[in-house]
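Undergrad: I have a structure here, written as structure tokens, and I will follow up with some questions on it.
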Amino acid sequence: MTQLVHEYRGAKQQQHRRRQIEDVQCLIHSFNKDACTAGNIAEHTATATSETGPPLRGRDAVPASSTLSSMERLRGLKTIWAGIMPALPTIASFPPASRSLPPPGRCQDTARQNSLFTTGGPRYVRSMDLEANLNSLRERIARACDRAGRDPATVTLLPVTKGQPPERILEAARLGLTTFGESKVQELKAKCPLCSNRLRWHMIGHLQTNKCRDAVQLCDAIQSVDSLHLAQEIHKRAEAAAKSMPIFLEVNVAGEASKSGYRPDALLAELPALNSLRRLEIQGLMTVPPWSTDPARSRPFFAQLRELKGRCEVILDAPLPHLSLGMSDDFEVAIEEGSTLIRIGTLLFGPRQHTVQVT
Ligand SMILES: Cc1ncc(COP(=O)(O)O)c(C=O)c1O
């Protein structure tokens with residue numbers, strides 16, 4: 001067991017360093033004078049530095065409003081190297097990045113080519129072009145709907161902005177996205193004042209009862225209701241605020257000890273009591289299946305949730321409009337299994353930052 005843990009950590013470390021090298025390689029390729037804008041460099045820089053040294057150091061070092069001169073780009077690259085090098089003591093010993101790099105001089109296309117919008121592609125987005133990511137994601141949603149004989153209008157995209165700074169959220173808002181998913185009340189509370197008040201929020205992370213007042217105030221839906229006790233607290237806060245609160249019931253279909261969520265039987269048993277809380281509007285079910293590199297392994301869990309929704313509808317004697325299934329790695333399978341709401345973070349925004357600067 002110890003040996004396994006050791007090997008796992010070693011592999012993770014190597015993967016992490018390889019990604020850092022890929023960031024720098026991408027940056028070098030983006031050095032073509034014709035196509036590379038300051039925004040591209042700044043995004044590369046943010047990605048490259050957020051996982052290593054001082055956060056956003058490179059972004060600060062690069063002017064972000066105009067096309068960069070060669071000298072400015074060179075200075076930016078130097079700064080990035082300075083941030084990354086301490087974390088790469090054995091850079092020369094690493095195998096070359098597996099992803100083939102595009103020819104230089106097509107920075108925007110690089111974003112498309114390097115994004116993850118091909119089935120079976122690399123797992124982590126290095127792309128700095130949110131619009132390209134969104135377009136590719138929509139194409140993939142449409143193709144999945146086509147396969148499942150569904151109308152794409154029946155699938156709502158919930159961009160997950162956990163670990164993303166407010167400026168990234170505003171960029172997404174400029175592309176027409178208006179409802180976002182956040183995992184932590186504290187993070188949402190810090191970001192909200194820095195974002196447009198026209199934006200809407202879904203709480204998708206585990207919620208503690210002492211955070212319910214803020215969650216009810218800030219959110220338009222709470223997707224992570226996993227006990228009657230929590231539901232009663234949300235109801236109490238909604239009552240005090242004289243508002244109705246749309247909720248989703250989170251289900252731990254695989255019974256993973258590390259995850260929150262109702263076990264299916266417990267949910268069915270508590271459903272009448274949940275339904276009696278008149279300030280709560282039960283919208284549907286939500287789940288996060290066990291993590292796997294193979295999206296197909298999520299399928300049985302998604303199918304189980306769809307069946308459970310049917311059983312809930314019988315008890316409630318009313319249809320439930322939503323099944324919140326699918327994240328970056330498995331949303332296509334989720335759509336095929338009936339998801340009406342996919343929660344996508346990494347595929348749209350790239351890797352999350354560990355600490356989001358909101359000052
Ligand atoms: C409940 C939930 N849904 C969706 C996501 C988004 O995941 P991904 O970045 O894989 O799209 C997260 C991210 O942590 C999450 O916690």
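The values are calculated or read from the model by the stated rules, or taken from the named source; none is laboratory data. The structure displayed is predicted, hence computed values, not measured ones. Ideal geometry is used to build each Cβ from the backbone, glycine not excepted, and the neighbour counts take in all protein chains shown.
Undergrad: Within the stretch 272-299, track down each residue that is out of contact with any strand residue (DSSP E or B) (no Cβ under 8 Å at 6 or more places or on another chain), surrounded by 13 or more Cβ atoms within 10 Å (Cβ to Cβ) and outside any loop (DSSP other than H, G, I, E, B).
TA: Pro295, Arg297, Ser298, Arg299
Undergrad: Follow-up question, since we're still on this one. If we keep just the residues of the stretch 195-213 that are surrounded by fewer than 16 Cβ atoms within 10 Å (Cβ to Cβ) and at pLDDT 95 or above, which is nearest to the ligand (Cβ to nearest atom)?
TA: His206
Undergrad: Which one of these is within 16 Å of the ligand (Cβ to nearest atom) and surrounded by fewer than 16 Cβ atoms within 10 Å (Cβ to Cβ): Gln223, Gln217, Gln186?
TA: Unique residue meeting the criteria: Gln186.
Undergrad: Here's another thing I want to ask about it. Scan the stretch 337-359 for residues that are within 12 Å of the ligand (Cβ to nearest atom) and either farther than 18 Å from Ile204 by Cβ or modelled with pLDDT under 95 (or both) and report the count.
TA: Residues meeting the conditions: 3.
Undergrad: Looking at Leu175, Leu170, can you tell me which residue is in contact with a helix residue (DSSP H, G or I) (Cβ under 7 Å, 6 or more places away or on another chain) and surrounded by fewer than 20 Cβ atoms within 10 Å (Cβ to Cβ)?
TA: Going through Leu175, Leu170 in turn, just one is in contact with a helix residue (DSSP H, G or I) (Cβ under 7 Å, 6 or more places away or on another chain) and surrounded by fewer than 20 Cβ atoms within 10 Å (Cβ to Cβ): Leu175.
Undergrad: Would you call Leu347 within 17 Å of the chain's Cα centre (by Cα) and either touching a residue at least 40 places away in the same chain (Cβ under 8 Å) or assigned to a strand (DSSP E or B) (or both)?
TA: Considered against the rule, which asks whether it is within 17 Å of the chain's Cα centre (by Cα) and either touching a residue at least 40 places away in the same chain (Cβ under 8 Å) or assigned to a strand (DSSP E or B) (or both), Leu347 comes out as yes.
Undergrad: Same structure again: Search the stretch 279-307 for residues being in contact (Cβ under 8 Å) with a residue 40 or more places away in the chain and within 21 Å of Met203 (Cβ to Cβ), and hand back the single one that is nearest to the ligand (Cβ to nearest atom).
TA: Filtering first and then ranking leaves Met286.
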